[in-house]
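Every number in this text was worked out from the coordinates using simple rules, so none of it is lab data. Worth saying up front: this structure is predicted, and the values here are computed from it rather than measured. Ideal geometry is used to build each Cβ from the backbone, glycine not excepted, and the neighbour counts take in all protein chains shown.
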Amino acid sequence: MTGAADQVAEGTRFGQQMYELIERLYPINRSITGDGVRETLRIVSEVLPIEIREVPTGTPVLDWTVPNEWNIRDAYVADSSGHRVIDFREHNLHVVGYSTPLRRRMSLSELRPHLHTLPDRPDLIPYVTSYYKETWGFCLAQVDLDRLPEGEYEVVIDSDLQEGSLTYGEWFLPGETEDEILISAHTCHPSLANDNLSGIAVAAHLGRSLIGTRPRYSYRFLFAPGTIGSITWLALNEDRVGRIKHGLVLAGVGDRGSAAYKQTRRGDSEIDRAVAHLLEAGAHPEAVRAFSPWGYDERQYNSPGFELAVGCLMRTPHGTYPEYHTSADNLGFVRAESLESSLELCRSLVDLVERNRTYRNLSPRGEPQLGRRGLYPSTGGGPAGPDRMAVLWVLNQSDGRHSLLDIATRSGLRFELIAAAAAALEAVDLLAPSSD
Ligand code: ZN
């Protein structure tokens, strides 16, 4: 038997697989460089056969330079009896990302300027990094800081910050054309589930769903550290960046909020209109947000020198939920159902963009007689044909200037109906793809 029950089971299966991938990746300590990123990409490559690329420290990339590589083995603050009162091995967030190595005894007052807490969310450990200014520090819950007695502490950060490389992963699927669709997810956050293991998991499974297909567009999937990773990729690929026609940054796509989309810099790109159509933005205007030069790697892709049509798909927007960038963005914060729903939306988007073409009505003088072509349902039922209104809209608007998405938007009909009507009309030679 097929039907809704099977679809639910199938959906749960992918959602569960993405959740399990997040469970495996969550304990790994990632940063913008280092072995945690390599291990993450190695695990991702079990889902999607990405190529892993290493860019050496010191490589100039646009206005930046690939930084030293950071690795950390252990870090703690121990009291005079040797008891660890802050322990990196208990939570990756306990250490400020890119902390320089240190081994010293100091008083609590000396230590205090290097301790980061969230007084307004006293039970949570904050996520703090310092990539481009050398320093060190620890992060902890305010309630735990409040319990620390005065006294002398042993402070150890067993890390190194030295020449190495920046690591990113890339998967490319050639299509019928060289025009590309870019899917990008950042890989630099340590134990944070929604931001952005959710994006990594959905991107990996979206790519996996395309394996073995020969789409119209070529697809490029990028798993790279935030900011410096996309800047590095752009710098190394300047000559082919122009092939990217549409793109999507996936970030924060696993929480229980509903899907939301941030527009490209242009705001009226095809991908903006495609996602708005799928999110039914007419009825849910809050689902679409205007571009701003803040957020994730869409900032780099939309910089004026590139101006790539790359939007950002998320659920609850970053910075607006209390779990954001804290220890509460954990495995309990993301859900298989939300991951599944995000993946489905991405697949619908791919399907829409793949099928969105402009056609020409080959019998534009008056309405063609649809009945004798089996496209005008007679009374009394019969096999379900294309939607009658969709057929009429496609015929009316297909003058070589309106894409199927334009027609869906103007008619208020779902893209799926419009595309099915176009296929039926093409099959009876009433419609042909427009050459221009
Ligand atoms: Zn983040």
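Suppose we keep only residues that are within 16 Å of the ligand (Cβ to nearest atom) and closer than 25 Å to GLU69 by Cα within segment 113-131. Which one would you say is surrounded by the most Cβ atoms within 10 Å (Cβ to Cβ)? By that ranking, first place goes to ILE125.
How do the strands (runs of 3 or more DSSP E) wholly within segment 150-265 filter down when requiring 1 or more residues that are over 15 Å from the mean Cα position of the chain (by Cα): which remain? Let's see the steps before the verdict.
Values: elements: 152-162, 165-173, 180-186, 218-224, 244-250, 260-262.
The qualifying strands (runs of 3 or more DSSP E) are 152-162, 165-173, 180-186, 218-224, 244-250.
Residue count for segment 318-349 under the criterion of being more than 20 Å from GLY207 (Cβ to Cβ) and either away from the ligand (no atom under 14 Å from the Cβ) or in a loop (DSSP other than H, G, I, E, B) (or both): the result is 17.
Of all residues in segment 13-34, those that are part of a helix (DSSP H, G or I) and surrounded by 18 or more Cβ atoms within 10 Å (Cβ to Cβ) total 8.
Screening ARG315, ARG299, ARG243 for residues that are more than 16 Å from the ligand (Cβ to nearest atom) and not aromatic (Phe, Trp, Tyr) leaves exactly one candidate, ARG243.
Taken across segment 177-199, residues that are among the small types (Gly, Ala, Ser), away from the ligand (no atom under 16 Å from the Cβ), in contact (Cβ under 8 Å) with a residue 12 or more places away in the chain and crowded, with 18+ Cβ neighbours inside 10 Å do not occur at all.
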